[in-house]
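The values are calculated or read from the model by the stated rules, or taken from the named source; none is laboratory data. Bear in mind the structure is a predicted one, so any value in this text is a computation, not a measurement. A quick note on method: Cβ atoms are made from the backbone with ideal geometry, for glycine too, and the neighbour counts reach across all protein chains shown. The protein model used for the area step is the full one, side chains on, heavy atoms only, and it has no ligands, DNA or RNA in it. Shrake-Rupley method; radii C 1.70, N 1.55, O 1.52, S 1.80 Å.
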Amino acid sequence: MNLFTYDPGYKSTASCESKITYIDGDEGILLYRGYPIEQLAEKSNFLEVCYLIFYGELPTQEQYEEFVYVIKHHSMVHEGFRDFINGFRRDAHPMAIMVGMVGAMSAFYHDSTDITNPSHQEISAHRLLAKIPTIAAMSYKYTIGQPFIYPRNDLGYAENFLHMMYAVPAEPYHIDPLYAKALDLILILHADHEQNASASTVRLAGSSGANPFAAASAGIGCLWGAAHGGANEAVIRMLEKIGSANHIPEFIARAKDKDDSFRLMGFGHRVYKHYDPRAKIIRKMAIDIINKTSGNDPLLNIAMKLEEIALTDEYFIEKKLYPNVDFYSGIIYKALGIPTSMFTVIFVMGRMIGWIAQWREMIQDPERVIGRPRQNYIGHASRDFVPIDERK
Ligand code: CMC
């Protein structure tokens, strides 16, 4: 029988060559196209970062304006989506709706799905990036029984999402610039992260020649898991369960117990064996936002205490477990009034550009082959069929 190199979870297998994102997990470095995440977070904005990730260079003023124009003018979705979404149960999780809606884009926009055509690749990318906030807000409005709100092209990307989430026909929604800025920053921090589980899923799904909408939908399904993007929702549930600082030691003990499946959500990372640079930025932002809004958030206090205790605990030190991007993001979302079920949806909004840049890089690779891992078979050797009346 064949024996292949066995690498569960692909811990040491490079699945591709990529020019998009660089991570040095030991040093806590993250670069998009060579630019440090700290500089992009401080000096750029989400759409500019999207341009950088997708096209490989920062845009000139003219290129930036044209890109923003194009993205804004793709922001509406086909009216058929309204009928489509009505088929879901009202109590569906917004992520479940997202998987369906993004997958269904290939039924509405099949005029741009010739994956060998570079201009189709670009239009599909623009459509995904432009429509994802609209679809995300629809997935929320549907679950709370409110009418869908159309996008407004006079608003920025994050502003528009907040508008579609919270405005109602009876009343406009006042968009707080602080909230829009915070959301824009969060989107930058989530924009790409090289070959994580969902990006790898998008590449693998797309490697068969599947259209980018189908591949992105596969990525959304993957991101939903609690070990990946679903962790931001799980962190808030965990902090609520902890309830107060004096219960922290009990949860730390559970996280260390090999016989208990509980893990500290928002802690640990496959690549970072150092503080996640995104978590550093988000942590600071969480403190700023709470100071500027409620002034005090019991969950932030628990999170900070939990971090302090974990980072001085031998188990976490030895295993190099630090807070990751999901640890503090939920606290910011909560402060912005975003419901917990939408946390991972916002991760999708940020990550969409990374997925489509990864997808395009894979499609344009002259060496592209279908992704098809091998296995080491450990089942039965060949045996004869037994008729049903002779089986024991
Ligand atoms: N709490 C307690 N122990 C942990 C944790 C944790 N959060 N994370 C890892 N460990 C332990 C784990 O039990 C294992 O111990 P041992 O060597 O004794 O078996 C060791 O650390 C290595 O863990 P692993 O599961 O082999 O590491 P991995 O690289 O496969 O997993 C991870 C990475 C992120 C899935 C994992 O750290 C985890 O489950 N964290 C909690 C979920 C989470 O926060 N996910 C978000 C990840 S970052 C954003 C994203 O990708 O979306």
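Only the Cβ atoms of Lys and Arg (+1) and of Asp and Glu (-1) were treated as charged; on that basis the dipole of the chain about its Cα centre amounts to roughly 760 debye.
Among MET105, GLN146, PRO177, which residue has its Cα furthest toward the positive end of the charge dipole of the chain, with +1 on Lys/Arg Cβ and -1 on Asp/Glu Cβ? In the chain, that residue is GLN146. What stretch of the chain, leaving out the sites themselves, is the longest with no GluC sites (Glu not before Pro) in a DSSP loop having at most 15 other Cβ atoms within 10 Å? Longest gap between qualifying sites, sites excluded: 80-366. Largest accessible area first, the listed residues HIS269, HIS174, HIS247, HIS163 line up as HIS174, HIS247, HIS269, HIS163 when surface is computed with a 1.4 Å probe on the assembled protein chains. Projecting the alpha carbon convex hull of segment 113-158 along each direction and taking the average yields 4.1 nm². Each residue of segment 318-332 is assigned a 3J(HN,Hα), and the resulting list reads 5, 8, 6, 9, 10, x, 10, 4, 7, 5, 9, 5, x, 5, 5 Hz, derived from the Karplus form 6.51 cos²θ - 1.76 cosθ + 1.60 (θ = phi - 60°), x at Gly and Pro. For the set TRP359, TRP224, the ranking by accessible area, highest first and with no ligand, DNA or RNA atoms included, is TRP224, TRP359 under a 1.4 Å probe. Per residue, the chain exposes 49 Å² of accessible surface when a 1.4 Å probe is rolled over the protein heavy atoms with every protein chain present. Extent of segment 67-117 along its three principal axes (Cα atoms, max minus min coordinate, largest first): 38, 25, 19 Å. Pairs of alpha carbons in segment 245-343 separated by more than 18 Å make up 48% of all such pairs. Rolling a 1.4 angstrom probe over segment 105-258 with all protein chains present gives an accessible area of which 57% lies on carbon and sulfur atoms. The listed residues LEU3, LEU189, LEU178, once ranked by accessible area (1.4 Å probe) with the largest placed first, stand as LEU3, LEU178, LEU189.
Across the chain, the fraction of Cα-Cα pairs farther apart than 36 Å, rounded to a whole number, is 26%. Considered as an equivalent ellipsoid built on the Cα gyration tensor, segment 182-282 has semi-axes of 30, 16, 13 Å, the largest given first.
For segment 92-205, the alpha-carbon coordinates run over 45, 29, 29 Å along the three principal axes, in decreasing order. The length gained on full extension between GLU65 and LEU178, counted as 0.36 nm times the residue separation minus their Cα-Cα distance, comes to 38.4 nm.
Helices in the chain, meaning DSSP H runs of at least 4 residues, each add -39500 (n - 2.57). Divided by all residues, the mean residue ellipticity at 222 nm is -17000 deg cm²/dmol. The heavy atoms of ARG90 offer some 120 square angstrom of accessible surface to a 1.4 angstrom probe. Using the alpha-carbon positions of segment 293-350, Rg (one decimal) and Dmax (whole number) come out as 13.6, 37 Å.
The H on the amide N of HIS93, modeled in the peptide plane, is under 5 Å from the matching H of no residue at least 5 residues off or on a different chain.
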